[in-house]
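Colleague: Structure in structure tokens, see below.
The values are calculated or read from the model by the stated rules, or taken from the named source; none is laboratory data. If you're wondering where the values come from, they're calculated on a predicted model, not measured in any experiment. Cβ coordinates were reconstructed from backbone atoms using ideal geometry, including for glycine residues, and neighbour counts include every protein chain displayed.
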């Protein structure tokens, strides 16, 4: 049985704070694909085809604002933007891997549980 939750900054418990950070419609999927990778917007679009460009942009902005990912813009024509995990985002990698394993075990998923393969 879980112990009592502490009072986190603006949240009632740490679970609420964590879900806020990664609970967006595509945030966990984006973070998953960025484990060990630096990807351009178009690559993320291919990896998360169910997300519209607008929704993907919104989710990326929120992740960047929460310091979960880093965005790097190169001053070239056409502009090139790359996304990667920040140190804070990297700290979620084991949790995302556990979520992948749990999903495969309990929901009948198939394939490898390596980053980007879930």
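Colleague: For region 62-83, what are the residues that are closer than 11 Å to residue 30 by Cβ and touching a strand residue (DSSP E or B) at 6+ places or on another chain (Cβ under 9 Å)?
Modeller: Our first condition is that a residue be closer than 11 Å to residue 30 by Cβ; within region 62-83, this holds for 62-64, 68-69, 83.
Scanning region 62-83 gives 63, 64, 68, 69, 83.
Colleague: Output the residue which, of all residues in region 51-73 that are touching a residue at least 12 places away in the same chain (Cβ under 8 Å) and assigned to a loop (DSSP other than H, G, I, E, B), is surrounded by the fewest Cβ atoms within 10 Å (Cβ to Cβ).
Modeller: The qualifying residue surrounded by the fewest Cβ atoms within 10 Å (Cβ to Cβ) is 67.
Colleague: Can you pull out the residues in region 1-27 that are surrounded by 15 or more Cβ atoms within 10 Å (Cβ to Cβ), modelled with pLDDT under 95 and in contact with a helix residue (DSSP H, G or I) (Cβ under 6 Å, 6 or more places away or on another chain)?
Modeller: 11, 22, 24
Colleague: Then there's this: What single numbered condition from (1) crowded, with 19+ Cβ neighbours inside 10 Å; (2) under 13 Å from the mean Cα position of the chain (by Cα) fails to hold for residue 94?
Modeller: (1)
Colleague: Quick one: is residue 36 touching a residue at least 12 places away in the same chain (Cβ under 8 Å), touching a helix residue (DSSP H, G or I) at 6+ places or on another chain (Cβ under 6 Å) and outside any helix (DSSP H, G or I)? Write out each step before concluding.
Modeller: On the way: touching a residue at least 12 places away in the same chain (Cβ under 8 Å): yes; touching a helix residue (DSSP H, G or I) at 6+ places or on another chain (Cβ under 6 Å): no; outside any helix (DSSP H, G or I): yes.
In short, no.
Colleague: While we're looking at this one, here's another question. Name every residue in region 97-107 that is farther than 17 Å from residue 31 by Cβ and surrounded by 13 or more Cβ atoms within 10 Å (Cβ to Cβ), in order of residue number. Please lay out each step first, then the result.
Modeller: Kept after step one, since they are farther than 17 Å from residue 31 by Cβ, are these residues of region 97-107: 104-107.
Within region 97-107, 104 is the sole residue that qualifies.
Colleague: When region 74-88 is examined, which residues are found to be part of a loop (DSSP other than H, G, I, E, B) and surrounded by 13 or more Cβ atoms within 10 Å (Cβ to Cβ)? First the steps, then the outcome.
Modeller: So in region 74-88, the residues part of a loop (DSSP other than H, G, I, E, B) come out as 75-79, 86.
Within region 74-88, 86 is the sole residue that qualifies.
Colleague: Mind listing whichever residues of region 74-87 are touching a residue at least 24 places away in the same chain (Cβ under 8 Å) and more than 24 Å from residue 17 (Cα to Cα)? Walk me through it before giving the result.
Modeller: In the first step, residues of region 74-87 are kept if they are touching a residue at least 24 places away in the same chain (Cβ under 8 Å); the result is 80-85.
Correct list: 80, 81, 82.
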